[in-house]
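Colleague: Please see the structure below; I have some questions.
The values are calculated or read from the model by the stated rules, or taken from the named source; none is laboratory data. Because the structure is predicted, anything quoted here is derived from the model rather than measured. No Cβ is skipped: glycine too gets one built from the backbone with ideal geometry, and neighbour counts run over all protein chains shown.
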Amino acid sequence: MQIFNTMTRQKEELVPKVPGKISMYVCGPTVYNLFHIGNARPFIVFDTLRRFLEYKGFEVTFVQNFTDIDDKVIKKANEENSTYREIADRYINEYYKDADSLGIKRATANPRATEHIDSIISLVQLLIDNGHAYPTPDGDVYFSVRSFKDYGKLSGQSIDDLESGARINPGEQKLDPLDFALWKGSKPGEPAWQSPWGPGRPGWHIECSAMSMSILGETFDIHCGGQDLVFPHHENEIAQSEAATGKPFARYWMHNGFININNQKMSKSLNNFFLVRDITNSYDPRAVRLFMLGAHYRNPVNFSDELMEQAQSALTRLITAKERIEDAKTNALPYTALNDEEFIRSVKSYKEAFIAAMDDDLNTADALGVLFDFARASNVFVTERCGIDAVNKASSFFDELSGVLGLDLGRKDTVYPKEALMILAERTAARMEKDFKRADELREKLKSMGFAVEDGKDGARLKPL
């Protein structure tokens, strides 16, 4: 498999440190709120990478952290007259609900920063001892950026470029504007842990270094995250980790592209900041996953209602194709029909094309194209008289490919778009007013959107075509 390594800025063959095993670390959420659509992209993308690696026979250790102590977590706790732990517990539970709905597998380990305070303190002390960090009189500890000669190698930024925009904020006692906090001395009303430098709490960057190395070792295979984390978060992780150990930190770096909302950057100030929970109230969560996988993970994607409607319709086509295959089992011939062998042979070519796409830097867009091509081929095949062996082969292969992509294609209660539900309500009102012409027009409009209307004694309901 070839993957694009952010560090080298080129595709490289993925060669694990230990043959047959892959160690992965993915930066997880800061747990003070439900996660938004931008967070969902790396969660889905790198879950798919994990699934594909497991499909290829690797034993994958997949670690995704929870940042459970942070300025935002503390602020939320103070606003609700609660504690950081209560806030973290609540939103970790909510994370699992949304992640499960999106088909994201549970990680091998989900460490919390506060569970690794001892290893964080030990790592900070090691950096002080070897001259890469220094404490200040107020209990902070800073990493000395200039002490690490390779600083900037991931992001491609030079010390000189960074220096021009750096400054020391009021109250900070760091020696250089570029230095960053490893440990923060306690402030009134904040949770704190005892350390050699006084009570305080860890900085954000040191948390990930300590957690990843504690579980995966000083050098592991793949570090993943969003493009926004390349600098400063991942750059700082590399500096502090490699300064402490003298060894390479992660062997490959993978970063997904940004998400825009209706061609604009997602921002609360623009009122286009969407939580996954809100989106899945209108669309099937599997359609969200399908939408995310429909573009190459390194490319930016644009999220809009129109594109989500398309993803919902695409999901319906896949579900319908799968159902046709399952229905064909009841009518299949008990022997091999004339065209069965040709169809069974074609499965091999689809599989090869699917693997080739995924092997090419996780090209899920092309892999999905293979799945849709197979769905069309199977639709044609099962309309003819076919043998049970071929139908079973089609069914298991459909499950195989969709499983790698994390798409459960079993029929579930459909979450219908708000627009469709509003049109259905308008049609019901038109029928009550005996405006049947208008009701028929609205039925046709729903049909053009991919939905049939079924009228029953309990009222009208939608059904995917």
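Colleague: For Asn78, only one of the following conditions fails: (1) touching a residue at least 60 places away in the same chain (Cβ under 8 Å); (2) within 22 Å of Asn256 (Cα to Cα); (3) polar (S, T, N, Q). What is its number?
Modeller: Result: Asn78 fails condition (2) only.
Colleague: Let me ask another. Within the group Asp389, Asp399, which residue is over 17 Å from Met1 (Cβ atoms), among the acidic types (Asp, Glu) and out of contact with any helix residue (DSSP H, G or I) (no Cβ under 7 Å at 6 or more places or on another chain)?
Modeller: Just a single option satisfies the conditions, and that option is Asp399.
Colleague: Between a residue in segment 82-93 that is assigned by TED's automatic domain parsing to the domain that holds Pro191 and any residue that is among the basic types (Lys, Arg) and assigned to a helix (DSSP H, G or I), which pairs come within a Cβ distance under 9 Å, given they are 6 or more apart or on different chains?
Modeller: Pairs found: Ser82/Lys76; Ser82/Arg90; Tyr84/Lys76; Ile87/Lys76; Tyr91/Lys76.
Colleague: Same structure again: Return the total of residues in segment 353-379 being touching a residue at least 60 places away in the same chain (Cβ under 8 Å) and among the aromatic types (Phe, Trp, Tyr).
Modeller: Looking only at that region, the number is 0.
Colleague: Being of a type outside the set (Val, Ile, Thr), in contact (Cβ under 8 Å) with a residue 24 or more places away in the chain and out of contact with any helix residue (DSSP H, G or I) (no Cβ under 8 Å at 6 or more places or on another chain) narrows it down to one of Asp161, Asp129, Asp150, Asp140, so name that one.
Modeller: Of the residues listed, the single one that is of a type outside the set (Val, Ile, Thr), in contact (Cβ under 8 Å) with a residue 24 or more places away in the chain and out of contact with any helix residue (DSSP H, G or I) (no Cβ under 8 Å at 6 or more places or on another chain) is Asp140.
Colleague: Which of the residues spanning segment 407-459 are assigned to a loop (DSSP other than H, G, I, E, B), modelled with pLDDT of 80 or more and among the acidic types (Asp, Glu)?
Modeller: Asp408, Glu433, Asp435, listed by residue number.
Colleague: Given the criterion in contact with a Phe, Trp or Tyr (Cβ under 7 Å, 6 or more places away or on another chain), surrounded by 22 or more Cβ atoms within 10 Å (Cβ to Cβ) and at pLDDT 95 or above, identify the matching residue among Tyr32, Tyr25. Give the derivation first.
Modeller: Working: Tyr32 fails: surrounded by 22 or more Cβ atoms within 10 Å (Cβ to Cβ).
Exactly one residue qualifies, and that residue is Tyr25.
Colleague: Mind checking which residues of segment 351-374 are within 11 Å of Met1 (Cα to Cα) and part of a helix (DSSP H, G or I)?
Modeller: Once the filter is applied, which keeps residues that are within 11 Å of Met1 (Cα to Cα) and part of a helix (DSSP H, G or I), segment 351-374 yields Ile355, Ala356, Ala357, Met358, Asp359.
Colleague: If the Cβ limit is 9 Å and pairs must be 6+ apart or interchain, which residue in segment 244-259 that is of a type in the set (D, E, K, R) pairs with which residue that is buried (at least 21 other Cβ atoms within 10 Å of the Cβ) and in a helix (DSSP H, G or I)?
Modeller: Final answer for the pair search is Lys247/Ser241.
Colleague: I'd like the residue in segment 325-364 that is modelled with pLDDT of 90 or more, of a type in the set (D, E, K, R) and in contact with a helix residue (DSSP H, G or I) (Cβ under 8 Å, 6 or more places away or on another chain) and, out of all such residues, is nearest to Leu401 (Cα to Cα).
Modeller: The residue in question is Lys351.
Colleague: If the requirement is being at pLDDT 95 or above, on the phi < 0 side of the Ramachandran plot, surrounded by 23 or more Cβ atoms within 10 Å (Cβ to Cβ) and of a type in the set (Phe, Trp, Tyr), which of these qualifies: Phe52, Phe62? Please lay out each step first, then the result.
Modeller: On the way: Phe52 fails: surrounded by 23 or more Cβ atoms within 10 Å (Cβ to Cβ).
Among Phe52, Phe62, only Phe62 is at pLDDT 95 or above, on the phi < 0 side of the Ramachandran plot, surrounded by 23 or more Cβ atoms within 10 Å (Cβ to Cβ) and of a type in the set (Phe, Trp, Tyr).
Colleague: Then there is this: Would segment 1-17 turn up any residue that is crowded, with 23+ Cβ neighbours inside 10 Å and either outside any helix (DSSP H, G or I) or in the same structural domain as Ala356 (by TED's automatic domain parsing) (or both)?
Modeller: Of the residues in segment 1-17, the ones crowded, with 23+ Cβ neighbours inside 10 Å are none.
Within segment 1-17 (the criterion being crowded, with 23+ Cβ neighbours inside 10 Å and either outside any helix (DSSP H, G or I) or in the same structural domain as Ala356 (by TED's automatic domain parsing) (or both)), the answer is no, since none of the residues qualifies.
Colleague: For the subset of segment 319-342 comprising residues that are outside any helix (DSSP H, G or I) and of a type in the set (A, V, I, L, M, F, W, C), which member is surrounded by the most Cβ atoms within 10 Å (Cβ to Cβ)?
Modeller: Ala332
Colleague: What's the number of the only condition in (1) within 17 Å of Asn256 (Cα to Cα); (2) within 20 Å of the chain's Cα centre (by Cα) that Asn65 fails to meet?
Modeller: Just one mismatch for Asn65, condition (1).
Colleague: Could you check segment 49-62 and list, in sequence order, the residues that are charged (D, E, K, R) and under 19 Å from the mean Cα position of the chain (by Cα)? Break it down stepwise before answering.
Modeller: Taking segment 49-62 as the starting set, the residues that turn out to be charged (D, E, K, R) are 50-51, 54, 56, 59.
Scanning segment 49-62 gives Arg50, Arg51, Glu54.
Colleague: While we're looking at this one, here's another question. Output the number of the condition that Ser402 fails; it satisfies all remaining conditions of (1) closer than 30 Å to Asn272 by Cα; (2) touching a Leu at 6+ places or on another chain (Cβ under 8 Å).
Modeller: Answer for Ser402: the failing condition is (1).
Colleague: Criterion first (in contact (Cβ under 8 Å) with a residue 24 or more places away in the chain and over 15 Å from the mean Cα position of the chain (by Cα)) does Ala295 satisfy it?
Modeller: The answer is no for Ala295.
Colleague: Of all the residues that make up segment 110-128, how many are charged (D, E, K, R) and buried (at least 19 other Cβ atoms within 10 Å of the Cβ)?
Modeller: Matching residues across segment 110-128 total 1.
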